[in-house]
Each structure stands twice: as C-alpha cells, then as structure tokens.
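> Dropping the structure in here first, questions after.
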Amino acid sequence: MMFKTLKKLISRWKLSKKGLYNGKPRRKLKTNGTANTFKSSLVIKSGFYLIFIIVMAYLYGRAQSSANSWGNFLVYIGLITTSLVSLEINFKNLVKDNQKAILILLIVALQIILHKYIYLFIEARDLSTSYLFLCSPFVLAPIVLTLLLDRKVGFYAAIFCSLISTSIIDSSINQAILVTGLITGFMAAILANRIRSRYQLLKLGMLMGVMILILGSIFQIIVFPWWNINSWQQDSSHTFSLILCALINGILTSMIVTPLLPVLEQYFETTSVLGWLELSDLKHPLLKRLQLEASGTFQHSMLVATLSEAAAESIGANAMLCRTASYFHDIGKLEKPEYFVENQSSDMANPHNSLTPSMSALVIISHVKDGIDLGVKSKLKPSIVEIIEQHHGSSLVRFFYHKALEHQQQIKEDIANGQASELDLPEVKEHNFRYPNRKPQSQEAAIVMIADSVESASRSLKKPTQKNLRSLIDEIVLEKINDKQFNECNLSFSQLEQIKTSLYKTLSSILHHRIKYPSKKATAAIKKSDH
C-alpha cells in the first residue's frame, strides 16, 4: 500500500514538472448513501404507494353518497391498485428511481385533490354543474409530467386522473368529465412535448380552455343561446361568465405549472424541456470560455449536439439532454486546449511531438477528469456530468496506442541491430491507453459517445461520399459493440440501426457536396477570348 502511494506521488511529481498536473484535488460527483437507499428502496416505494391509496380512499369517502357500499369501495381500491401496477409494468425503468415514482404520484394526487375540492366547493354553494365542468383541472398532471418526464407518462396521467376523478364525485356529468379528461389530457401531453418557451405554455393553457368549452357545448352541459336574439340578450352575461371561466381555467393551469416546474426539478432531480433550453444557452460561462479558448472544440461540440439530438429523436430518447450534454462534453479540454488537434493551427508546433505516446495518451485521457471537475465546480446537472464522464467509456486511445506499439517495434529493431539495449525497450500495456471511466449507463450517453466519434472521424474523410459516410458510421458503431461499450445501457440493435441512419442523414447534410465556383480570372479570360 505504501509502495503504491509513493509511486503515485512520484508520478504526480513527474507530471507537474512537465506542466501536466497542478496539484489540486479533483472534484467528483458526490454520492450520498442515504439518498441512494431512498432512491432504490422497495420498502420506501411501497410505503408511498400505501399512503397514496389511503389518500385516495379518504377522497372517495368525502361527500360520496355511495361511500357506504363496500362493493363500490373495493372496486375503487382495485382500480387504484391496478393503476399502480400498470405504472410499475409500463414504466419499469423509470420508476426504479423512487424519486420519479413519487413525483408521478404527487402530481396525479394534486390534480385529483383539486378536482375533488372544486366539486365540494361548487356543491356546497349549489352552483350549476357547468361550473364544475369548466373549473376542473383536466390537464395539470399531463402537462407537468410530459414536460418533466415523458409524453407517455403524460398519457398515463390523463387516463389515471380521468378514471379516479369521476370515481370520487357523485355528479350527473361524470361521463362527460371522463371523456373530456381523456381528450384534453391526451391533447395536452402531445402539445406539451413540443413546447419550447413559457409563452407557448401559456398558449397551450388557453387552447385547453377553449377545448373544454367546445366539449362542454358538445355534451350540452353549456348551452350557448346565440341562435336566439332575445335569449342572447337575456343570458349574455351568464354565457360570458362561462367562457371566461373556461379561459381562466386554462390560463391558471399554465400559471401554476410555470413556477411549479423549477421547484420539482430541484427536489426530484429531473429537468423539464424548458429547463434544458435554459441550460443550453450558449451564453453559459463555460461555453463562452470554450468559444474563446478552444474554438475548434467549440465547433466540434456544436456539431456533436446537432448529430446527437437528431439521433435521440429517432429512437425516442431525451433529445434535449443529448443536445445540452454535447455542448459540455469536452469542456475538460479547456485545461490544455493546444494538445487537441481541432485547436491546433497549421503554423503551430504540435506539443505531442515532445511527449512519449504514453504521456500523450495520459493528457488526452485527462480531459474527461478535467471535464468532471469543471462540471461539478460549475454546478452542472448531474445527468450532464455523468455524460461528460461516460462519453468515452473505457475505450482505447487508439492513435497513441498504435504509435506506442510502433515505437516499441522500432526499439526492438534497434536492439537487434545493436543500436539500443534491452533497458531502452518501453513496456506497452493496453489498459494504460484506455479511459478509466464507466461505460455509458444510458441511451443518451451512448448516443453522445457515437456522435462524438463519428463527428471526429468524419473530419479525416477526403471525399465524404455516401458510401464513405455509411462505411465510417458502420465501422465506428461496430468497433464500440466489439469493445463492449454498450453493454451497460439499454440500447437494442434495432435502435443502433436507427441511430446510424439518423447520423448518416444529418452528417451527409452537413458535409454535402458543393459546386466549385469559377475564379474571376477564368471568367475574365473567357470574356477576353470572346472579344
């Protein structure tokens, strides 16, 4: 143990002499044992499921005329239990994290509780059932869960909330509420997936208010007396109050969602589409540094972002995470930008010429650890830092490994010719030329890995023809498969084919063939010959 520590200290001293080590300890993503237990404990998840069932049972009993019927109550509990089982089966990978399961239950419960107490408020004041219909928060859970997690979770919330909401109230318009909840919930989930600004979120709320109004008129819960002038004059104020109520419902839902998202993002360690858009702002201090200090790496990162976003969309992965993580994946190169080829100008001496292949590999490998260090220091999202860590996995720095083998072979020849001794023969071990990091743990990390490799390799193509591009992408993906880099992420062969097709389409559009324009001299020569 003491010998290993001494060896590490000597190694660091040698690196510091060469200016490759600053002596500062590296930052790492903190892992809290208690937090990890909370996230994965089946007992804790079961406890929250039980609490959810109890809360739903309590809501069923409030002002429910059929509450004394044990048969109806058992059917209701069976419905809730079935919904929870469906959550576990259909979103198995998502709800492995207890935080995500609790988030879903919390938002679903919030919508159902609001619906129940709006019903009690309207019933206590003996108001028209039209107000119950118009004031019901049909789309709150579908919008929030679509923005924070996934559109499929939004669909699940629409179905679950519609079924439970109609079970906990005793109203003549239950069927209309059920159908409206399903239609508006599904529409909200589909449209929320396309939201790219808070203004669009407000427009979505207004649109949902209009939809509720239209469905109310279809079900004849709301009757507009527009065809009768006398009736219109008499009931115009009531009609306007109904229209206003529906619009306020939609706008108020958007107003609740807007401040709710940042709070949920912080406490449940997830990020909404709007959150990703804010994070992907190119004015971020790290990205501004990258643009100024390592412009080649910055341009590379922008292209990787374009490639990875399109590839993620092709398989239904988190495209915004891929795009944002791609912006930051190489920030570790800020520590020694001149050691990376994309930042080297033609009149600049390559600093690797004065280093051994093993030392060069060490410098290249260190950009991942430097990236983690900068990411943690800058308080980037853990999901982004994880992709920074995993975007090379445990892959081989092939260029310098090959160079080291060539150097070793040359020394062997020199020894055979008597020009060198056995002591000069360097030891070349493959593991010394591999990144010492985790392999991709998610589809998004794997996509960024592939996009990063493909974009870098495409620069070496002299003629980026269709055949060459397809061959390059196939070769890189096959190499990663053979190197077992995708063994720890949930990525199928069919998804890899979709990713390859997407990368080919995007890359071919970036590297498309351009016509060669004639020079001014050539044009002038033709004009002169005509005269």
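Just so you know, all these numbers are worked out from the coordinates, no wet-lab data involved. Small disclaimer: the values here were computed from a predicted structure and weren't measured. Positions of Cβ are generated from backbone atoms using ideal geometry, with glycine treated the same way; all protein chains shown enter the neighbour counts.
> Per residue of region 493-508, what does 6.51 cos²θ - 1.76 cosθ + 1.60 with θ = phi - 60° give for ³J(HN,Hα)? Whole Hz please, x for Gly and Pro, Karplus curve as stated.
5, 5, 5, 4, 5, 5, 5, 4, 4, 5, 4, 5, 4, 5, 5, 5
> Where nothing but the Cβ of Lys and Arg (+1) and of Asp and Glu (-1) is charged, how large is the charge dipole of region 128-204 around its Cα centre, in debye to the nearest 20? Show your work: numbers first, answer last.
Numbers: 6 positive and 2 negative charges, 94 e Å.
Result for region 128-204 is approximately 460 debye, rounded to the nearest 20.
> Could you pull out the pairs from Lys100/Lys505; Lys403/Lys439; Lys333/Lys484; Lys92/Lys369; Lys152/Lys500; Lys96/Lys429 whose alpha carbons sit more than 29 Å apart here?
With Cα atoms farther than 29 Å apart: Lys100/Lys505; Lys92/Lys369; Lys96/Lys429.
> Return the loop-located GluC sites (Glu not before Pro) in region 366-469 (DSSP other than H, G, I, E, B) with at most 14 other Cβ atoms within 10 Å of their own Cβ; answer none if there are none.
Sparse-neighbourhood loop GluC sites (Glu not before Pro): Glu427.
> Nearest 20 debye, what's the magnitude of the dipole of region 245-348 about its Cα centre given +1 on Lys and Arg Cβ and -1 on Asp and Glu Cβ?
Roughly 180 debye for region 245-348.
> Where the only charges are on Cβ atoms (+1 Lys, Arg; -1 Asp, Glu), what is the dipole of region 362-461 about its Cα centre, to the nearest 20 debye?
480
> Mind giving me the nanometre distance, one decimal, between the label points for Val179 and Thr465, set 7 Å out from Cα along Cα→Cβ?
So the label points at Val179 and Thr465 sit 6.1 nm apart.
> In what sequence do Leu149, Leu50, Leu503 fall when counting other Cβ within 10 Å, fewest first?
Numbers: Leu149 22, Leu50 11, Leu503 27.
Taking fewest neighbouring Cβ atoms as first place, the list is Leu50, Leu149, Leu503.
> Now a separate question. Enter the mean projected area of the convex hull around the alpha-carbon atoms of region 37-268, in nm², rounded to one decimal.
Taking the Cα atoms of region 37-268, their convex hull projects to 13.5 nm² on average.
> Next question, about the same structure. What ³J(HN,Hα) values, in whole Hz, does the Karplus curve 6.51 cos²θ - 1.76 cosθ + 1.60 give for region 106-116 when θ = phi - 60°, with x put for Gly and Pro?
Running phi through 6.51 cos²θ - 1.76 cosθ + 1.60 with θ = phi - 60° gives 5, 5, 4, 4, 4, 5, 5, 5, 4, 4, 5 Hz.
> Hey, what do the phi angles of region 363-380 turn into as Karplus ³J(HN,Hα) couplings, whole Hz, using 6.51/-1.76/1.60 and θ = phi - 60°, x for Gly and Pro?
5, 5, 5, 5, 5, 6, 5, 5, x, 4, 4, 5, x, 5, 4, 8, 6, 5
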